[in-house]
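Novice: Attaching a single structure in structure tokens format; questions to follow.
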Amino acid sequence: MITVIEHAAISTVDADGTEFRDGHVVIDGEHIVAVGEGTAEVAAGRRVDAGGCLLTPGLVNTHHHLYQWATRGLAADSTLFQWLVELYPIWGRLDARITHAAASAGLARLALTGCTTVADHHYVFPAEGGDQVAALVAATHRIGVRSHIVRGSMDRGASDGGLPPDNLVEDTEAALLGTEHAIDAHHDGAPNARVRIAAGPCSPFSVSERLMTGAAELARRKGVRLHTHLAETLDEETRCLAEFGCTPAEYADKLEWLADDVWLAHTVHLAPAAIRRLGATRTGSAHCPTSNGRLGTGIAPVRDLLDAGSPVGLGVDGAASNESGGLAEELHQSLMQARQRGGPTALTVRQALWMGTMGGARCLGRERELGSLEPGKLADLAIWDLSGLRYAGIEDPVAALVLGAVPPLKLLLVSGETVVADGELKTADESTLASELAAASRRLR
Ligand code: ZN
């Protein structure tokens, strides 16, 4: 079916930053076939009048822990390590049903804030928890988005000097086997894939060196990407220096974890040499400004990373450290934090939008099929309604999206299929998702 969207302000986020004041996008099946100024003179099965709206690529979330949607509002005033220690025992009771309810609700919230692709880092696998990766895959199909499920792992419990309790960690070889099984069962390498799998040991302070190197070897053998938390807090740096005699970035480099098939969550505390190294190796960063603010971990050197050549994407992080869980807010937060750190010219509104779209696609290795509005790319796009009281008369629609309140969505498409229309989720019933989530949260606590 041909869909024509017309009369929209369009920010394509292509390499030239092409924009149209009054333009059109033509979609054939799941692909974009034309983008341009004015109306499109083609016969269409569906025409969408997007007058008063801004059309952008769908947002790409590069770091999340969807299961945490069931544990929001806890340890509200704690440091990262205090927060983890309070939450670990609760997460130890996680099972596939809870994960499915939490992920469905979390993905719905992301879709309602313009997100079409989601990287979810799932690293809690209690022995009696069932098939949690399958639960995440099912939630992806239920809500109709695209996901990159990072099969996470922890193998260093408290008795091995790690932070998590022993009952929450897996045996090293079982974790690697579980990761390999998830890849074999669910990874789709096709350009239009709805589900991809990545390998993701949780963080240097919760996994062994053997798990870090084993995951890297496995991922490269299978042709999937690698993800972990790195350089999030000063506590982590202190711990790493004491244990390994080097910073987290140096440790990752030593284990061949700085490379163009790796993206790292947070990268807040990086020395200048580490920033250059991430740039030279094209290692990606998942910048999570709201979570960093919630946990007071610091402000990531986003400007410096971009200048060094590191692809930077945006992430909401888990809902237990970002109770909002909406991705459009991160456009705003990333701009505020970059300017607080580097001054008024540290980041433009269009660079914030680039991080939320193409930067994220690059982190996930999807830049050829996602991240911009260009012929041949998948029709993952967001139409933001700027017609209301909050935006009337505003000069620059991209400034409205990044600096203003989060606009409602007129339409959100994934592979040309409608996920959100007129501010409402169309793939699932929101009140059903909410009641399932409330029941799952009660059961978990
Ligand atoms: Zn995280």
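Novice: Taking loop as defined by DSSP and a crowding limit of 10 other beta carbons within 10 Å, which GluC sites (Glu not before Pro) in the range 1-79 fit?
Specialist: Here the GluC sites (Glu not before Pro) that fit, given the DSSP loop and packing criteria, are 41.
Novice: Find the relative contact order for the range 178-333 and round it to a whole percent, using C-alpha pairs within less than 8 Å whose residues are 6+ positions apart.
Specialist: Worked out over the range 178-333, it gives 16 percent.
Novice: Let me ask another. State, as an integer percentage, the relative contact order of the range 153-233 based on alpha-carbon contacts under 8 Å between residues 6 or more apart.
Specialist: 30
Novice: When ligands, DNA and RNA are left out and all protein chains stay put, how many square angstrom of accessible area per residue does the range 103-169 have with a 1.4 Å probe?
Specialist: Here the per-residue accessible area is 24 Å².
Novice: Please identify every one of the GluC sites (Glu not before Pro) in the range 352-438 that sits in a loop by DSSP and has no more than 11 other beta carbons within 10 Å of its own beta carbon.
Specialist: Counting only loop positions with at most 11 other Cβ atoms within 10 Å, the GluC sites (Glu not before Pro) in the range 352-438 are 395.
Novice: In Å², what does the accessible area per residue of the range 222-357 work out to with a 1.4 Å probe?
Specialist: 33
Novice: Starting from 0.36 nm per residue, how many nanometres of slack lie between residue 217 and residue 22 once their C-alpha separation is accounted for?
Specialist: Full-extension gain reported as 65.3 nm.
Novice: Also, I was wondering about something else. For the chain, calculate the relative contact order in percent as a whole number, restricting contacts to Cα pairs under 8 Å that are 6 or more residues apart.
Specialist: 21
Novice: Going from most exposed to least, what order do 2, 197 have by accessible area with a 1.4 Å probe?
Specialist: 2, 197
Novice: Sorted by packing (mean other beta-carbon atoms within 10 Å per residue), highest first, where do 358-364, 400-406, 175-181 land?
Specialist: 358-364, 175-181, 400-406
Novice: Probe radius 1.4 Å, ligands and nucleic acids ignored: give me the carbon and sulfur share of the accessible area of the range 74-168 as a rounded percent.
Specialist: Ligands and nucleic acids excluded, carbon and sulfur reach 52 percent.
Novice: At a 1.4 Å probe, what is the % contribution of carbon and sulfur to the accessible area of the range 266-398?
Specialist: 53
The values are calculated or read from the model by the stated rules, or taken from the named source; none is laboratory data. These numbers come from a predicted model, not from an experiment. Because the Cβ atoms are built from the backbone with ideal geometry, glycine has one as well, and the counts that use them run over all protein chains shown. All accessible areas refer to the heavy atoms of the entire protein, side chains included, with ligands and DNA or RNA removed. Shrake-Rupley method; radii C 1.70, N 1.55, O 1.52, S 1.80 Å.
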